[in-house]
Amino acid sequence: MRILGIETSCDETAAAVVEDGRHVHSSVVSSQVDLHARFGGVVPEIASRAHVELITAVIAEALVEAGVLEMDDLDAVAACHGPGLAGALLVGVSAAKALALTADVPYVEVNHVEAHLYAAWLEEPDLEPPLAVLIVSGGHTMLVVMEGHGRYRVLGQTVDDAAGEAFDKVARFLGLGYPGGPAIDRLAVEGDPRAIPFPRPMLGDGPDFSFSGLKTAVVNHVRRNPDAAVADVAASFQEAVVDVLVAKLVAGAHEAGASTLVLGGGVAANSRLRTRVVEEAETRGKRVFLPPLALCTDNGAMIAATAWWRLRADGPTPLDAGAQPNLRLPTVA
Ligand code: KG4
Ligand code: ZN
């Protein structure tokens, strides 16, 4: 079964063709980073307009690359319907519904957070639940136990900024540009992660996260020490975030009796986080699964993969369904 997956929830216009939820035949991502960089963050109105301009070409490229030359070669069309920016989501949802109608195949709506979790299944279809999953992106920081397909228990989440948001805000303050995560990741390699003892917010304080105080600590430190080496600040900040993320993921796995750790979302591309999670897993005799870098940040393949599972569980989505900007992860009690 070949599914076209479309993703437009934020600033990436993406489409991919995936077979049976695991074989990626194409994955095209057109980033709008350059359009938003001068504003230091995503401007919703600019994002929606750019999606409208890019979506047709991105979908066409994904279809051609996958060798889908007739719409008959597709078995379903899926789009991310939330959470995300309302205007941006609507572009992908409308395109997917129009294509599904034209091709006379099912339309499937997909939850963006669930899709980040399924990026790991794309690479390793034999993962065995329960899994302890840490979803860390620009909009989300969630510690989730996946008990089975479509069965999630949220152990903890951020009470303020998301992890990626903290990276972006700190990078912006340090003058490192947007998006901040990759910039801090690169610079941190040249710095000393022990140079500045930034706080580890809520470490040992339950499964929830908080990053806004850490961001303020960085700002205060730099204002008091204007000569501090930026690489040391970046490395010390990153180490504080990673310490908290890794500790909570390991504690969550312990609580859930999960022997496999999984990362998902843009921050899962962070090199220090990846190294530390692998080290922790080895020490504790756990398996760890990290999606490849291209599947950590937003992409269409994760949407198509999730749609395959969702279609089998719930069937097609009615064509009068819309976008849901505040959509939550479906959870079991
Ligand atoms: O998953 P994603 O593409 O979009 C959302 O769903 O939010 O995540 C984007 C976020 C941004 O905040 C970006 O700074 C962060 O992921 N990010 C990183 C890295 N690459 C992307 N954060 C830390 N280190 C990275 N290498
Ligand atoms: Zn995302």
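What to note about this one:
- For the stretch 70-148 and the stretch 1-56, distance of Cα centres in Å: 12 Å
- Summing Lys and Arg as +1 and Asp and Glu as -1 over all other residues whose Cβ lies under 12 Å from the Cβ of Ala88 gives a net charge of -4.
- Dimensions of the stretch 160-300 based on its C-alpha atoms, expressed as ranges along the principal axes with the largest first, amount to 46, 35, 27 Å.
- Radius 15 Å from Cβ of Pro182, net charge of other residues (Lys, Arg +1; Asp, Glu -1): -3
- Available extension along the chain between Asp75 and Leu319 is 86.3 nm, counting 0.36 nm per residue and deducting the alpha carbon span.
- Averaged over residues, the count of other Cβ atoms within 10 Å places the peptides 135-141, 13-19, 301-307, 250-256 in the sequence 301-307, 13-19, 135-141, 250-256, highest first.
- All lysines inside 17 Å of Lys169 as judged from Cα atoms, apart from same-chain residues fewer than 8 positions distant: Lys215
- Average accessible surface area per residue within the chain, 1.4 Å rolling probe, Å²: 41 Å²
- Both radii come from the Cα set of the stretch 59-115: Rg as radius of gyration, Rh as Kirkwood radius; their ratio Rg/Rh reads 0.99.
- Diffusion coefficient of the chain by Stokes-Einstein, Kirkwood radius over Cα pairs, 4 °C, 1.567 mPa s: 65 µm²/s.
- Annotation for Glu279 and Arg224: the two label points, set 7 Å from Cα along the Cα-Cβ direction, are 2.7 nm apart.
- Beyond 19 Å, the tail of the calculated P(r) for the stretch 1-123 holds 43 percent of the Cα pairs.
- Computed from backbone phi, the HN-Hα couplings of the stretch 247-256 come to 4, 6, 5, 5, 5, x, 5, 4, 4, 8 Hz, rounded to whole numbers (Karplus: 6.51 cos²θ - 1.76 cosθ + 1.60, θ = phi - 60°; Gly and Pro given as x).
- Pairwise FRET efficiency - Ser259 versus Val189, Cβ, R0 = 45 Å, nearest 0.05: 0.90
- Within the stretch 43-93, the GluC sites (Glu not before Pro) that combine a DSSP coil assignment with at most 12 other C-beta atoms in a 10 angstrom radius are Glu70.
The values are calculated or read from the model by the stated rules, or taken from the named source; none is laboratory data. On a predicted model such as this, the values are computed, not experimentally measured, just so you know. Cβ atoms come from the backbone with ideal geometry, glycine included; neighbour counts cover every protein chain shown. Each accessible area value is taken on the protein alone, full model and side chains, heavy atoms only, with ligands, DNA and RNA left out. Shrake-Rupley method; radii C 1.70, N 1.55, O 1.52, S 1.80 Å.
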